[in-house]
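Notes follow once the structure below has been shown.
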Ligand SMILES: Cc1ncc(COP(=O)(O)O)c(C=O)c1O
């Protein structure tokens, strides 16, 4: 599907759910919240189970919610909630969704290609990701891995012309063409990106490099005095949130600007109840790049004169 990852997510939300369907969204961050927002804009009946950004979804609560409300037809969850970097238990949730015979939709935007996922074992009906995250292509399109029998049963559900998932699939199957202008350059880059993924040892190989990046980062940041927002058991190898140091000499804007001047771009936090910033460690990034970043952070701390103590 042409567009950024959000377009692909919206194509599933807008064209997979019947007019009388209901979507349960499991939320522990901004991207789960965004799926709920999409469904509401589309006037789809919704329910949500929301948790704090450092909290894993409560499986019993999901089970009880599905048992209590037979009108829920679809369940959506984000695999790696990029808000914090937390990894949600998509397999365990999938088993519950399957037990209740509902349709399961996973936003694996920031995990697919670097965290092994078995669509079968996780009982996933729709998985969405995009060209430019862990596959390391360039932006321009997203993709949806769908259970064919489920997709075929969605005739007439689309609420949008351009994001009509079934029509898009039929078009591609029919003549190999996108229905509207294709993202040509991104497709060519993607072929190369897939080759590089294979050369690196596939998903396992990429996972090892990202996990190493993460490990080097947290060891280095801890030695500078920083601490992570998430407990290690919930943290994935994609992006890491760090708490703001208490020192009044720390200002995120200044920290960001001085790192940017040194050609390192970090992310502001997205956590609603704690002051954090995030460092992403996916893409064509290696251990040596992480060590260079750590040296730049040390340098910026010296220039700003703050200490990272908590
Ligand atoms: C989990 C998740 N979902 C959705 C998106 C949205 O993707 P895009 O910005 O390509 O529209 C992102 C982007 O970072 C993401 O991490």
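Taken together, the values in this text are just the output of simple stated rules run on the coordinates, not laboratory data. Just so you know, these numbers come straight off a predicted model, no measurement behind them. Cβ atoms come from the backbone with ideal geometry, glycine included; neighbour counts cover every protein chain shown.
Segment residue 309..residue 155, full-extension length gain: 49.7 nm, with 0.36 nm per residue of separation and the alpha-carbon distance subtracted. Length gained on full extension, residue 68 to residue 191, computed as 0.36 nm times the residue gap minus the Cα-Cα distance: 39.7 nm. With the simple model of a label 7 Å out from the Cα in the direction of the Cβ, residue 20 to residue 58 spans 3.2 nm. Relative to the longest principal Cα axis of the chain, at what angle does helix 165-175 sit, 0 to 90 degrees, rounded to 10? Helix 165-175 sits roughly 80 degrees off the main axis of the chain. Largest mean-square fluctuation among 297, 239, 115, in a Gaussian network model of the chain whose springs join Cα atoms under 10 Å apart, belongs to 297. So how far, in whole Å, is the C-alpha centre of the range 245-310 from the one of the range 2-27? About 35 Å separates the Cα centre of the range 245-310 from the one of the range 2-27. Relative contact order for the chain: 18 percent, from Cα pairs under 8 Å spaced at least 6 residues apart, divided by residue count. Running a GNM on the chain with Cα contacts under 10 Å, which residue among 248, 182, 268 ends up with the highest mean-square fluctuation? Result for the chain, Cα springs under 10 Å: 248 fluctuates most.
Against the main long axis of the alpha-carbon atoms of the chain, helix 5-16 sits at an angle near 20°. Label separation (residue 286 vs residue 148): 4.1 nm, computed from points 7 Å beyond Cα along the C-beta direction.
Fewest to most neighbouring Cβ within 10 Å: what's the order for 43, 307, 22?
43, 307, 22
Measuring r between the beta carbons of residue 179 and residue 37 and using R0 = 35 Å, the FRET efficiency lands at 0.85.
Using the rule -39500 (n - 2.57) for each DSSP H run of four or more residues, divided by the residues of the chain, the 222 nm mean residue ellipticity is -13000 deg cm²/dmol. Of 176, 283, 85, the residue with the greatest mean-square motion in the GNM of the chain, using alpha carbon springs below 10 Å, is 176. Computed from Cα atoms, the angle from the helix 252-261 axis to the main principal axis of the chain rounds to 80 degrees.
Stretched out fully, how many nm does the piece from residue 208 to residue 247 gain, at 0.36 nm a residue minus the Cα gap?
Residue separation times 0.36 nm, minus the Cα-Cα distance, leaves 10.6 nm.
Note on the chain: antiparallel DSSP beta bridges, both residues inside, total approximately 50 percent of the bridges counted.
Look at where the Cα atoms of the range 171-235 and of the range 28-75 average out, and the two centres are 26 Å apart.
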